[in-house]
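For reference, the structure is listed below as structure tokens.
The values are calculated or read from the model by the stated rules, or taken from the named source; none is laboratory data. Please read all numbers here as calculations on a predicted model, not as lab measurements. Neighbour counts are summed over all protein chains in view; Cβ atoms, including those assigned to glycine, are modelled from backbone coordinates with ideal geometry.
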Amino acid sequence: MSDAIVNAQAGGLSEMERVVDVFVAPSKTFKDIVRNANWWMPFLLMVAFSVASAFVVGKEVGWTRAAENQVHMSPKAEDRLSQLTPEQRASQMAISAKVTMYTTYGFPVILTIIFAIYALVVWGSFNFGLGAQTTYGQVLAVSWYAALPFLITSVLGIITVSFGGNADAYDLRNPVGTNLAYYLPDLSPVLKALLTQFDLVRLWSLFLTILGMSIVAKKTMAQSAMVVLFWWVFGLAFAAIGAAFS
């Protein structure tokens, strides 16, 4: 008997129904997480789309060009490379291209670690800060499902690169024009890092996290927003500091 039939008979949603409902009726998905905290489906989808995006970037842009573009967007990095001999610069860029490729293909692993830490922090904040009784698994499931809108970013990125994208201007860290930083390439790294966080898809995911935690933790939207937005602002500060020293 299929999982979908078993879940339907148990009064719950199938994994694909959860995914669809994140986009059309998110409350249903998060209420179902209280029943079953599985998160393997959004994880597999994120892995598949991430690997597909990496493949397209490698084919259409090339890892050397992608790495060079990142250098051009960092005045400090470009200044350091300009002081090297041509041979040293070529060697450094070859290493950077390999690191860029491995990091991009390995992004699902990095994302899993980030989500594991983030879920732990949010779980502790709700349980010890607001007196909720959530499980770590529930918070991790909310995090993965709330991140599903980023699949749209992957799709748009693949389309942009495959059909008329400018390889010389491709930004691996901000590939799609869903935020103001995309349209203002000459901004300082700090301002660009901040504006990148005010991304339509990222804000959508943030809202879903607030909604999901409100349902799972049985708290008001205001209480949930207080915790989730606190850590989001913390992330903003971290991104700005990282950009300043990158």
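On the given criteria, is V227 closer than 25 Å to K28 by Cα, β-branched (V, I, T) and more than 20 Å from the chain's Cα centre (by Cα)? Working first, answer last.
On the way: closer than 25 Å to K28 by Cα: yes; β-branched (V, I, T): yes; more than 20 Å from the chain's Cα centre (by Cα): no.
Criteria not met by V227.
Exactly one condition in (1) assigned to a helix (DSSP H, G or I); (2) of a type outside the set (V, I, T); (3) closer than 14 Å to F30 by Cα is not met by K219; state its number.
Among (1) assigned to a helix (DSSP H, G or I); (2) of a type outside the set (V, I, T); (3) closer than 14 Å to F30 by Cα, K219 violates only (1).
Count, please, the residues in the stretch 138-181 that happen to be more than 16 Å from the chain's Cα centre (by Cα), aliphatic (A, V, I, L, M) and more than 30 Å from S214 (Cβ to Cβ).
4
If you check every pair at least six apart or on different chains, which have Cβ atoms under 9 Å apart with a residue in the stretch 155-167 that is without any contact (Cβ under 8 Å) to a residue 24 or more places away in the chain and closer than 11 Å to S53 by Cβ first and a residue that is surrounded by 17 or more Cβ atoms within 10 Å (Cβ to Cβ) and hydroxyl-bearing (S, T, Y) second?
Every condition considered, the pairs that remain are L156/T178; T160/Y170.
Out of the stretch 103-129, which residues are under 30 Å from G62 (Cα atoms) and in a helix (DSSP H, G or I)? Quick ask: steps written out before the conclusion?
Just the residues of the stretch 103-129 that are under 30 Å from G62 (Cα atoms), to begin with: 103-115.
Correct list: T103, T104, Y105, F107, P108, V109, I110, L111, T112, I113, I114, F115.
What is the number of the single condition among (1) under 30 Å from L148 (Cα atoms); (2) of a type in the set (A, V, I, L, M, F, W, C); (3) free of Cβ contacts under 8 Å to residues at least 24 places away in the same chain that I95 does not meet?
Tallying (1) under 30 Å from L148 (Cα atoms); (2) of a type in the set (A, V, I, L, M, F, W, C); (3) free of Cβ contacts under 8 Å to residues at least 24 places away in the same chain, I95 fails exactly one: (1).
Tell me the residue from L195, L180, L184, L200 that is surrounded by fewer than 19 Cβ atoms within 10 Å (Cβ to Cβ) and over 25 Å from L151 (Cβ atoms), please. Give the derivation first.
Values: L195 fails: over 25 Å from L151 (Cβ atoms); L180 fails: over 25 Å from L151 (Cβ atoms); L200 fails: over 25 Å from L151 (Cβ atoms).
Sole residue among the options that is surrounded by fewer than 19 Cβ atoms within 10 Å (Cβ to Cβ) and over 25 Å from L151 (Cβ atoms): L184.
Quick grid of which residues meet (1) charged (D, E, K, R); (2) outside any helix (DSSP H, G or I); (3) in contact with a Lys or Arg (Cβ under 8 Å, 6 or more places away or on another chain); (4) surrounded by fewer than 20 Cβ atoms within 10 Å (Cβ to Cβ):
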{"residue": "L140", "(1), (2), (3), (4)": "no, no, no, no"}
{"residue": "L148", "(1), (2), (3), (4)": "no, yes, no, no"}
{"residue": "S154", "(1), (2), (3), (4)": "no, no, no, no"}
{"residue": "G157", "(1), (2), (3), (4)": "no, no, no, no"}
{"residue": "R173", "(1), (2), (3), (4)": "yes, yes, no, yes"}
{"residue": "S224", "(1), (2), (3), (4)": "no, no, no, no"}
{"residue": "V228", "(1), (2), (3), (4)": "no, no, no, no"}
{"residue": "A239", "(1), (2), (3), (4)": "no, no, no, yes"}
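Test M41 against the stated conditions and say whether it is touching an Asp or Glu at 6+ places or on another chain (Cβ under 6 Å), modelled with pLDDT of 95 or more and surrounded by 15 or more Cβ atoms within 10 Å (Cβ to Cβ). Let's see the steps before the verdict.
Details: touching an Asp or Glu at 6+ places or on another chain (Cβ under 6 Å): yes; modelled with pLDDT of 95 or more: yes; surrounded by 15 or more Cβ atoms within 10 Å (Cβ to Cβ): yes.
It is true that M41 is touching an Asp or Glu at 6+ places or on another chain (Cβ under 6 Å), modelled with pLDDT of 95 or more and surrounded by 15 or more Cβ atoms within 10 Å (Cβ to Cβ).
Go through (1) closer than 29 Å to K28 by Cα; (2) of a type outside the set (S, T, Y); (3) in contact with a Gly (Cβ under 8 Å, 6 or more places away or on another chain); (4) at pLDDT below 95 and name the single condition L156 misses.
Every listed condition holds for L156 apart from (3).
Looking at the stretch 64-79, I want the residues that are modelled with pLDDT of 75 or more and have a partner that is assigned to a loop (DSSP other than H, G, I, E, B) and of a type in the set (A, V, I, L, M) with Cβ atoms under 9 Å, at least 6 apart or on another chain. Which pairs are those?
Listed pairs, sorted by first residue: A66/L172; A67/L172; N69/V61; N69/L172; Q70/L172.
For residues that are under 26 Å from G157 (Cβ atoms) and of a type outside the set (A, V, I, L, M, F, W, C), scanning just the stretch 77-102, find the one that is farthest from the chain's Cα centre (by Cα).
Within the stretch 77-102, the match that is farthest from the chain's Cα centre (by Cα) is E78.
Quick one: how many residues across the stretch 66-108 are of a type in the set (D, E, K, R) and in contact with an Asp or Glu (Cβ under 7 Å, 6 or more places away or on another chain)?
Taking the stretch 66-108 first, the residues of a type in the set (D, E, K, R) are 68, 76, 78-80, 87, 89, 98.
Retained after the next criterion (residues that are in contact with an Asp or Glu (Cβ under 7 Å, 6 or more places away or on another chain)): none.
Number of matching residues: 0.
Could we say that T29 is over 19 Å from the mean Cα position of the chain (by Cα), in a helix (DSSP H, G or I) and farther than 22 Å from A169 by Cβ here?
Values: over 19 Å from the mean Cα position of the chain (by Cα): yes; in a helix (DSSP H, G or I): yes; farther than 22 Å from A169 by Cβ: yes.
So T29 fits the description; yes.
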